[in-house]
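In what follows, a structure is listed as structure tokens, so that the remarks can point back to it.
The values are calculated or read from the model by the stated rules, or taken from the named source; none is laboratory data. Quick caveat: nothing in here was measured; it's all calculated off a predicted structure. Backbone-built Cβ (ideal geometry, glycine too); neighbour counts: all protein chains shown. In case anyone asks, the SASA skips ligands and DNA or RNA and just uses the protein heavy atoms, side chains included. Shrake-Rupley method; radii C 1.70, N 1.55, O 1.52, S 1.80 Å.
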Amino acid sequence: MNTLSKPPIFRAAVQRLRAWWAAQDERIQMSGRRSLWAALMALVVAVLVTLVWLAGRYEISQLQATLERDTADAVSDIRISLSRDVQTLQALQAQHTSLKTWSAQALGLLRDNRDWLRLEWRDPQMNIKAFVDSPLRKPVFERTPRTDALTETSQSCQRARRFNGPAYSTSYYLPQTDGLGMEVMELCLPQTQEGELVGYTIVTYGLQPLLAERLGNSFGRRNEVSFTEADGTRLAIAGTHRRGLRLFTAQQLVDLPGNTLVLRMDSRRGEPNLFPNVLTALVTAMSIALITVMVLLVKDSRRRLKAERDLADALAFRKAMEDSLVTGLRARDLQGRITYVNPAFCDMVGLPAHALIGRNAPMPYWPPEMVDEYKQRQAIRLAGNVPPREGFESVFMRADGSRFPVLIIEAPLINTQGQQSGWMGAVIDISEQRRIEEVSRAGQERLQATARLATVGEMASLLSHELNQPLAAIASYANGSLNLLKDPDALAQSQDDVHMALRRIAEQAGRAGRVINSVHDFVRRRDQTREAVAPHALIDAILPLVNLQARKLQVNVVTRIEPRLPAVWCDRTMVEQVLLNLARNGMQAMDRPECTGRVLVLQAKRAASNPEQSWVELSVTDVGTGIAPEVAEQLFTPFFTTKAEGMGLGLSLCRTVVEQHGGHLEFEAQASKGTVFRFTLPAAPLDQPSTSAGKA
Ligand code: ADP
């Protein structure tokens, strides 16, 4: 179409490149979406693992706390039972002062307390008064004589004497006859009578039996219970040693007078135990939540994808629509800058989109001579004045400098917030439409002229036919009479004949006169079509036709009508024809390249009037070539024309029509250049209602 259109190969290459780019874009989006999903999964797994770990830690801490509690309970149990032992021994001291009864009672006590290995009664100097070994086992001091193992006992008894209360010895190892040995500890209880120390009761405890007896049933079932030294060396162990994955340990001090033992409790628990308790519920709940969230997310992403596809379709449709439009589209922001143009607009003005977008007044497609006028128009538009709905006509310039008429329909551009963000204009190139209008107008004019000629011709032939007979008769009577008058001899007898011929001539002349009269009558009959017409109605009626030609010849048509003019009494059609003729002649006189500032003025004003009749003057002024004196002489002569297609009947008919109305048609050279044609028409009688509506 113009410089913008590209060769098809180039266009195809561009399309392929676009398709490839769109595919890449989609792939990037897809992979982006996939990595998002992967990240989400990783996050969920991480959260789950953390939860499992935390739950495990919680369970472990719970177990540890339980074990600590158990150990504390075990220590308290040992203390209570040991203090009960002290009470038993005090009872023994009090009840049995004779050796015999003491031994029997002591034996009974040893039988009842399996962790008591030996019971001794010594005097204040630590000499043995009596002793009984546990009947439930071999005597413990068999391999090591008792006298060799008295150091700890003596120390505890000294302490007991000092504090006057029970005292425990530090534990020591006692080898046995079976090759093994055991850790033992002694309790020394001083015996007083009336404030005097009278002896000691000493119990030898086996630490292992002590643990087994006093804690075995309660805590030993689940744990391994042991007494240890401060460095962790085990002195005695009791209870079950379970196999398990994880070892839990708790330690507590058993603080006894004279001795401090460390009670240690070991518990082995398998970690898998944790799962049934906490994690099944947790993982199930988490999985359900996870699946729900996933399902929702998938649904949501499907919805989004669909919306994206719909949007892309809608955009593609919009783009295709804009590209296929032959109407140019142009959007401007509120400052008048072009923000969008469609391909049709670019084709129309012959400029690429990038040369237009962002431009403000003066636009590159404005003809330079119109810039001022268009700037004003834009200012009016930007001030917020809504343009006419039916649009307005304007002239644009192509990149090659040629002008073309356009119809612009503009409307405010409203954004999604309901606020105006600019103006949207649809621009239609109407040069073709104008050409067709012009062709039809010229055709119509020719048709009218031909019809008028045909009427004139018809009338002429009718007249000639009608007049031919009387004229032929008159001619032959006249010839006959002349012949008769040539012969003087026959004059007397031919006098009657000459008389008769002259009568006939008079008759035929009368007939010809009647024919002429009938034509006159026909013309006179038009008088009856006269009516009162407002002058502006006459001008309004011809304006559409005048404008049509004015647009083509780029003539500015100006009308000046004096206010309160009287109506004129005229044959409306004829006067309109006169005005149209004069206007057309004026415009044709301006149709020269050197003629600039083409203006045609149609004016109506009061003319000089006399008291009986007031007159209205109508004039048509042009700034054209003017009329040369030799042309002026023959201006009203029928068939005089200087135009190739002219008929030369216009002005003569105009004058006839004006004069039939009693008016007068004249012309005059304009002061600067051009010509003014003016004619007068009588004002209508005041009692006549005037017609003001236009006909065209
Ligand atoms: P036509 O228009 O068919 O030629 P007209 O009788 O209307 O016949 O005009 C006769 C001639 O008068 C025209 O050919 C033109 O030369 C001249 N003429 C008429 N009006 C004007 C005018 N306004 N300015 C200059 N010349 C004119």
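Return the residues of region 421-436 that are in a strand (DSSP E or B) and surrounded by fewer than 14 Cβ atoms within 10 Å (Cβ to Cβ); say none if nothing qualifies.
Residues satisfying the conditions do not exist here.
Name the single residue that is most open to solvent (accessible area, probe 1.4 Å) among those in region 170-221 being acidic (Asp, Glu) and not in a helix (DSSP H, G or I). Working first, answer last.
First, the residues of region 170-221 that are acidic (Asp, Glu): 178, 183, 186, 194, 196, 213.
Narrowing further to those that are not in a helix (DSSP H, G or I): 178, 183, 186, 194, 196.
Working: ASP178: 108, GLU183: 26, GLU186: 0, GLU194: 186, GLU196: 120 Å².
Checking each candidate, the answer is GLU194.
Confirm whether VAL631 is without any contact (Cβ under 8 Å) to a residue 12 or more places away in the chain, within 12 Å of the ligand (Cβ to nearest atom) and over 20 Å from VAL568 (Cβ atoms).
Here the answer is yes, as VAL631 does meet what is asked.
Hey, ALA442 hits all of (1) closer than 18 Å to TYR340 by Cα; (2) in a helix (DSSP H, G or I) but one; which does it fall short on?
Answer for ALA442: the failing condition is (1).
Which numbered condition in (1) acidic (Asp, Glu); (2) outside any helix (DSSP H, G or I); (3) open to solvent by 30 Å² or more (accessible area, probe 1.4 Å) is the only one that ASP73 fails?
With (1) acidic (Asp, Glu); (2) outside any helix (DSSP H, G or I); (3) open to solvent by 30 Å² or more (accessible area, probe 1.4 Å) applied to ASP73, the lone miss is (2).
Residue under question is LEU92, and the condition is that it be hydrophobic (A, V, I, L, M, F, W, C), in a helix (DSSP H, G or I) and modelled with pLDDT under 90; does it hold? Full working, then the answer.
Numbers: hydrophobic (A, V, I, L, M, F, W, C): yes; in a helix (DSSP H, G or I): yes; modelled with pLDDT under 90: yes.
Spelling it out, LEU92 is indeed hydrophobic (A, V, I, L, M, F, W, C), in a helix (DSSP H, G or I) and modelled with pLDDT under 90.
Name the one entry in TRP53, TRP116 that is buried (at least 18 other Cβ atoms within 10 Å of the Cβ) and either over 60 Å from the mean Cα position of the chain (by Cα) or farther than 25 Å from TYR172 by Cβ (or both).
Just a single option satisfies the conditions, and that option is TRP116.
Name the one entry in TYR374, TYR365, TYR340 that is out of contact with any Ser or Thr (no Cβ under 6 Å at 6 or more places or on another chain) and over 28 Å from ARG551 (Cα atoms).
Just one listed residue meets the conditions, TYR340.
Is there a residue being closer than 20 Å to ALA669 by Cβ, away from the ligand (no atom under 16 Å from the Cβ) and either of a type outside the set (A, V, I, L, M) or at pLDDT 90 or above (or both) anywhere in region 591-598?
yes
Against the conditions (1) within 14 Å of the ligand (Cβ to nearest atom); (2) at pLDDT below 90; (3) in contact with a helix residue (DSSP H, G or I) (Cβ under 6 Å, 6 or more places away or on another chain), where does SER692 fall short? Just the number, please.
Going through the list (1) within 14 Å of the ligand (Cβ to nearest atom); (2) at pLDDT below 90; (3) in contact with a helix residue (DSSP H, G or I) (Cβ under 6 Å, 6 or more places away or on another chain), SER692 breaks only (1).
Return the total of residues in region 531-557 being more than 16 Å from the ligand (Cβ to nearest atom) and either open to solvent by 20 Å² or more (accessible area, probe 1.4 Å) or within 19 Å of GLY624 (Cα to Cα) (or both).
Counting residues in region 531-557 that are more than 16 Å from the ligand (Cβ to nearest atom) and either open to solvent by 20 Å² or more (accessible area, probe 1.4 Å) or within 19 Å of GLY624 (Cα to Cα) (or both) gives 11.
Applying the selection to region 660-684, what residues are within 9 Å of the ligand (Cβ to nearest atom) and open to solvent by less than 30 Å² (accessible area, probe 1.4 Å)?
Listed by number, the residues that qualify are GLY674, THR675, VAL676, PHE677.
Determine whether region 362-370 contains at least one residue that is touching a Lys or Arg at 6+ places or on another chain (Cβ under 7 Å) and more than 18 Å from ARG337 (Cβ to Cβ).
Looking through region 362-370, at least one residue is touching a Lys or Arg at 6+ places or on another chain (Cβ under 7 Å) and more than 18 Å from ARG337 (Cβ to Cβ).
With the checklist (1) farther than 30 Å from ARG234 by Cα; (2) not in a strand (DSSP E or B); (3) not acidic (Asp, Glu) in hand, flag the one item PHE141 doesn't pass.
(1)
With the structure loaded, tell me whether ARG511 is more than 26 Å from ASP687 (Cα to Cα), within 16 Å of the ligand (Cβ to nearest atom), open to solvent by 30 Å² or more (accessible area, probe 1.4 Å) and not in a strand (DSSP E or B) or whether it fails that test.
No, not satisfied.
Residues checked against (1) open to solvent by 60 Å² or more (accessible area, probe 1.4 Å); (2) closer than 25 Å to GLN549 by Cα:
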| residue | (1), (2) |
| --- | --- |
| GLU594 | yes, yes |
| LEU600 | no, yes |
| GLN603 | no, yes |
| ALA607 | no, no |
| GLU617 | no, yes |
| VAL620 | no, yes |
| THR625 | yes, yes |
| PRO629 | yes, no |
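When both residues are 6+ apart or on different chains and their Cβ atoms are under 9 Å apart, which pairs have a first residue that lies in region 45-62 and is in a helix (DSSP H, G or I), and a second that is among the polar types (S, T, N, Q)?
LEU48/SER287; ALA55/ASN277; GLU59/ASN273; GLU59/ASN277
Could you tell me how many of the residues in region 382-404 are hydrophobic (A, V, I, L, M, F, W, C), in contact with a helix residue (DSSP H, G or I) (Cβ under 8 Å, 6 or more places away or on another chain) and not in a loop (DSSP other than H, G, I, E, B)?
Residues flagged as hydrophobic (A, V, I, L, M, F, W, C), in contact with a helix residue (DSSP H, G or I) (Cβ under 8 Å, 6 or more places away or on another chain) and not in a loop (DSSP other than H, G, I, E, B) within region 382-404 amount to 4.
Pull up region 634-659, narrow it to residues that are free of Cβ contacts under 8 Å to residues at least 40 places away in the same chain and closer than 27 Å to TRP615 by Cβ, then point me to the one that is farthest from the ligand (Cβ to nearest atom).
Going through the qualifying residues, I end up with GLU659.
Give region 543-578 a look and list any residue that's of a type in the set (A, V, I, L, M) and more than 56 Å from the chain's Cα centre (by Cα), or say none.
Within region 543-578, LEU565, ALA567, VAL568, MET574, VAL575, VAL578 meet the criteria.
Quick one: would you say ARG560 is in contact (Cβ under 8 Å) with a residue 60 or more places away in the chain and either more than 15 Å from the ligand (Cβ to nearest atom) or not β-branched (Val, Ile, Thr) (or both)? Break it down into steps so the answer makes sense when it comes.
Details: in contact (Cβ under 8 Å) with a residue 60 or more places away in the chain: no; either more than 15 Å from the ligand (Cβ to nearest atom) or not β-branched (Val, Ile, Thr) (or both): yes.
In short, no.
For region 564-590, give me each residue that is within 16 Å of the ligand (Cβ to nearest atom) and either hydroxyl-bearing (Ser, Thr, Tyr) or open to solvent by 10 Å² or more (accessible area, probe 1.4 Å) (or both).
MET574, GLU576, GLN577, LEU580, ASN581, ARG584, ASN585, GLN588, ALA589
State the number of residues belonging to region 123-159 that are open to solvent by less than 10 Å² (accessible area, probe 1.4 Å) and either at pLDDT 90 or above or among the polar types (S, T, N, Q) (or both).
Residues meeting the conditions: 4.
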